[in-house]
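What follows draws every value from the coordinates through simple rules; no lab data is involved. Since we're looking at a predicted model, the values are computed, not measured. When we count neighbours, we look across all protein chains shown, and the Cβ atoms used for this are built from the backbone with ideal geometry, even at glycine.
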Amino acid sequence: MKQGFISKNPNVLIFISCLALFTLVITVLSEAYGTGLISTSMIKTLGKTLCLCLIALAMDLIWGFTGILSLGHFAFFGLGGYMIGMWLMYARTQDIVLTQSGALPMTPQEIQDAVTNQIFGVVGTSELPMVWHFAGSLPAQLALVVLVPGILALIFGWLAFKSRVTGVYLSILTQAGTLALSLYLFQNDSGLRGNNGLSGLQNIPGLDSVGQAAVSVWFLWGSALALGLGYMLLNWVVSGKFGSVIRGIRDDEARVRFLGYSVESYKLFVFTLTAVIAAIAGALYYPQAGIINPAEIAPIASIYLAVWVAIGGRGKLYGAVLGAAFVSLVSTWFTGGKAPDINLGFYTVKWVDWWSVLLGLSFVLVTLLAPQGIAGLISWLGGLRKKEIQK
Amino acid sequence: MSQLLEVSGISVTFDGFRAINNLSFTIGPAELRAIIGPNGAGKTTFMDIVTGKTKPDEGKVLWGEMSQNLLKLNESKIAQAGVGRKFQRPTVFEDQSVADNLMMALKADRAPWKVLFWKPRQADRDRVVALAQQVGLSDALDRPSGELSHGQKQWLEIGMLLAQEPRLLLVDEPAAGMTLAEREQTTALLVELAKTRAVVVVEHDMEFVRRLNCRVTVLHEGSVLAEGSLDHVTANPRVIEVYLGR
C-alpha cells in the first residue's frame, strides 16, 4: 500500500495551512498591503517570532528527538545573524559613501577605506578586518551563513561525540563554547565591532525606496516560508527510519550501537543539521531586529531556547513551535511594559523584573507536572475527543 | 574446519581486579555453545570484549574467514560484521512500535545518509511480518513495544536479533524470567538457529543448559576451567569444587 507524504503526515498539512492563514491575515492587516490595523513594529515582532519558532524546531530535533540537550544553539543563530549582518552593513555603508562622494569617481580602494572608516571608526580600527573580506558580496555572505556555523558545529560535534561526551557534560560543554564565543565577540579586535555589534540591519541595501512597512511584510513572508520548509524537512527526517534511529539513541544509545548503527555519526549529523537551521533562522531574524551584538549569543539565550521547547513539548515538532511562539510573545508583552503592574500594597510587582521569575517557575511546573508540555495537552484533548466519538 | 571466532590469550583488569585472565575460546560457524560459571567468572566481560564494549589489555580476537581483528573495530562496526547480542534484561525501544523496532534492526545500510533516504521495499515489509510471526508478535505489529509483557519483549528482542542476520549470536541468560513453556520455545529456537550460525548462550540454569544439549565451556576467575559435554564437565572435580559443589 502506497501513501503520499501528506496523507501519512496530516499534521504537516494542518501546520502549513495554519501558517499560510496566519501570514495571509497579517498581510491583510498590515500597513503596507492592507488595512493598517497591525503596526509595522508588530509585524516585525511576529516575523521575528517565526524565526524563533524555526530555531525551536531545530532544538526539538536535537533535544526532543535525539536526546542531546545542547545549550549552545543560539550561538549558531547569532553567527547566522552576524554573517548576513556584515553584508547588510557593508553594502549599506557603501551606498551612503557613494552618494556622498560628489562628482569625482572613487577608486575601489578609496571606497573600501571610506566604508571601513564609517563602520570601524567606533572601535578605532582603520583597516578592514580579514573576516570582512567577502562582506561586499551577498552570495558569499549567504554561503557563509550556512558554512561558518555548519563547519563550527561539525568540528565541535566531532570532538565532543568522538570522545563520547554525553548528558549533562555535553550540555556544559556547549554552554562553555557559547560563552567563549560571546566573550570573544565582545572584544574589539574580533573584527565584528565588539560590544557595539552590527546595527542598522533593518535597512536593506537598494530597498530604501520601498520603506520599512513593506520590507517588514516581505521578511514575515520569508520567515514563514523558512518555517514551513523547516517543518516539512524535519517532519520528513523524524518520520522515517532515521527518526527511529535517533529516538533509539535518545532512549538507549548502547542498544543502538549493538544494532550496528554508528551513534556518533548520527549525533554529528543531527548536531550539524540543526546548527545550520539555527543559523538560517538567525539570518532571517536580525534584519528584522535591526541590531545584533554579542549579548545576543550569551549562554542564557540558549537556555531560554530549551525552556521554550520544554514548555511547548519535547518530541513533538508542533509543540516546539507553539512553545517558542507562546513564550516569546508573552515575554515581549511582559517585558515591553504593557503588562499592568500588580500593587500588593506593601510591594508592587513590576513585570519587567518579575517576568523571568514567572518564566522560571512555569518551567519548573511544566517539568514536574506536564513533561509533555503544551503538545501533551493537545494530544490529551485529542484523545478525549476520540473517546467521545467512540462512545 | 576453520573457526568463526577465535579468542586467544585475552586479559582485562578493572582497578586491579582481573576480570579475564589469559582466556582462549573458539567457536565454529554453525555451533551451539553454552558458557556457565559462577558470578564474577567473567562471562559478561567476555561478551563485552567480543562486542567491542570493553577493550582487553592483551590478547587477540579474530573473526571470520579473513581472520579480521575485532579489537580494532568499534561496537557498531562489530555488529555490522555480524555479531549480534541479546541482553539479559530485554532492551527494546519502548516508545516505538513493534514494526519500527524490527525495521530498525533489519539488515541494511547503516550510514546516516543512506538511512535518511531509505524506504522500506515490499520485501522488507514482508520480512518484518515474517519475523513478527516467527516470534509470535503478528498481532502486535502496530503496538508500542512498551505495552508488551516481559516475555513478549524478550521475544521482540530475539526477533530484532534475527532481523540483523548475525553470524554469531551472543545470548545472555535467555531463560531468566521466562515461564516453562517459554523456556521450551526458546530452547527449540536456539537449537534451530545454531544450525545456520554460531550461538553462544551464557546461562546459570543447569536444566536449561542440559536441554540445549551442546558443548559447554566452564569459566572460572576469568579463564576456561573445563570444556566438553555437560556430563563431561560436571564430572570434573575442579568444576564440582568451584561451581556445582556450592
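Per-residue ellipticity at 222 nm for chain A, helices alone: DSSP H runs ≥ 4 residues times -39500 (n - 2.57), over residue total, nearest 500 deg cm²/dmol?
Calculated from helices alone, the mean residue ellipticity at 222 nm is -23500 deg cm²/dmol.
To the nearest whole number, what is the average tally of beta carbon atoms from other chains within 10 Å of the beta carbons of peptide B:98-107? The partial results should precede the final answer.
Values: counts 0, 1, 5, 3, 0, 3, 9, 6, 2, 1.
Partner Cβ neighbours, averaged per residue: 3.
What is the average number of partner chain Cβ atoms found within 10 Å of a Cβ in A:241-250?
Counting other chains' Cβ atoms within 10 Å and averaging over A:241-250 gives 6.
Please identify the trypsin sites (Lys or Arg not before Pro) of segment A:265-350 that satisfy two criteria: DSSP loop assignment and at most 14 other Cβ atoms within 10 Å. Which are they?
Answer by residue number: A:Lys338, A:Lys350.
Could you tell me the relative contact order of chain A? Use alpha-carbon pairs under 8 Å, at least six residues apart, and round to a whole percent.
Contact order relative to length: 30 percent.
Hey, any idea what the orientation-averaged projected area of the convex hull of segment A:339-391's Cα atoms comes to, in nm²?
On the way: hull surface 23.3 nm².
Convex hull of Cα atoms, orientation-averaged projection: 5.8 nm².
How many angstrom lie between the C-alpha centres of segment B:150-214 and segment A:199-249?
51
Using Cα pairs under 8 angstrom and six or more residues apart, how large is the relative contact order of segment A:22-90, in percent?
Numbers: 28 pairs, mean separation 8.9, N = 69.
Relative contact order of segment A:22-90: 13 percent.
Cα atoms only: what Rg and Dmax, in Å, come out for segment A:5-390?
22.3, 81
I need the fraction of alpha carbon pairs in segment A:91-226 separated by more than 17 Å, rounded to a whole percent.
73
For peptide B:115-127, compute the average count of partner chain beta-carbon atoms within 10 Å of each residue's beta-carbon.
Average per residue, whole number: 3.
Specify the angular offset, from 0 to 90 degrees and rounded to the nearest 10, of the alpha carbon long axis of helix B:150-164 from the longest principal axis of the alpha carbons in chain B.
90
Mind putting together the pair-distance distribution for segment A:246-307? All Cα pairs, 5 Å bins, whole percent per bin, short to long.
4, 14, 16, 19, 15, 11, 9, 7, 4, 1
When the helix-only estimate is applied to chain B (DSSP H runs of n ≥ 4, each -39,500 (n - 2.57), divided by the residue count), what is the mean residue ellipticity at 222 nm, nearest 500 deg cm²/dmol? Intermediate results must be reported in sequence, preceding the final value.
Values: 9 runs with 83 residues, N = 246.
Taken over chain B, the calculation gives -9500 deg cm²/dmol.
Which whole-number percent gives the relative contact order of chain B, counting Cα pairs below 8 Å spaced six or more residues apart? Please list the in-between numbers first.
Values: 446 pairs, mean separation 68.9, N = 246.
Once divided by the residue count of chain B, the mean separation gives 28 percent.
Quick one: Debye curve from the C-alpha atoms of segment B:92-165, no solvent, what's log10 I(q)/I(0) at q = 0.16, 0.23, 0.27, 0.28 Å⁻¹?
With no solvent term, the Cα-only Debye profile gives -0.51, -0.99, -1.28, -1.34.
Compute from the Cα atoms of segment B:43-137 the Rg and the Dmax, the latter being the longest Cα-Cα distance, and quote both in angstrom.
So, for segment B:43-137, Rg and Dmax equal 16.0, 47 Å respectively.
When only DSSP loop residues count, what GluC sites (Glu not before Pro) in segment B:52-101 have their Cβ near at most 15 other Cβ atoms within 10 Å?
Details: sites: B:Glu58, B:Glu65, B:Glu75, B:Glu94; in loops: B:Glu65, B:Glu94.
Passing both the DSSP loop test and the Cβ count: B:Glu65, B:Glu94.
If you filter segment B:166-246 for GluC sites (Glu not before Pro), then keep DSSP loop positions with at most 16 other Cβ within 10 Å, what is left?
Numbers: sites: B:Glu182, B:Glu184, B:Glu192, B:Glu203, B:Glu207, B:Glu221, B:Glu227, B:Glu241; in loops: B:Glu203, B:Glu221.
Here the sparse-neighbourhood loop sites are B:Glu221.
Mind listing the Cα extents of chain B along all three principal axes, in Å, largest one first?
Result for chain B: principal-axis Cα extents of 55, 41, 38 Å.
When the Cα centres of segment A:98-133 and segment B:94-140 are compared, how far apart do they sit, in Å?
That distance is 61 Å.
Using Cα atoms only, what is the angle between the long axis of helix A:373-390 and the major principal axis of chain A, expressed in degrees (0 to 90) to the nearest 10?
Approximately 40 degrees, to the nearest ten.
Quick one: helix A:317-335 against the long Cα principal axis of chain A, what's the angle to the nearest 10°, folded into 0 to 90?
Taking Cα atoms only, the helix is inclined about 60 degrees.
If you take the Cα Rg of segment A:201-292 and divide it by 2.2 N^0.38 Å, with N the number of residues, what do you get?
Normalised by 2.2 N^0.38 Å, the Cα Rg of segment A:201-292 equals 1.54.
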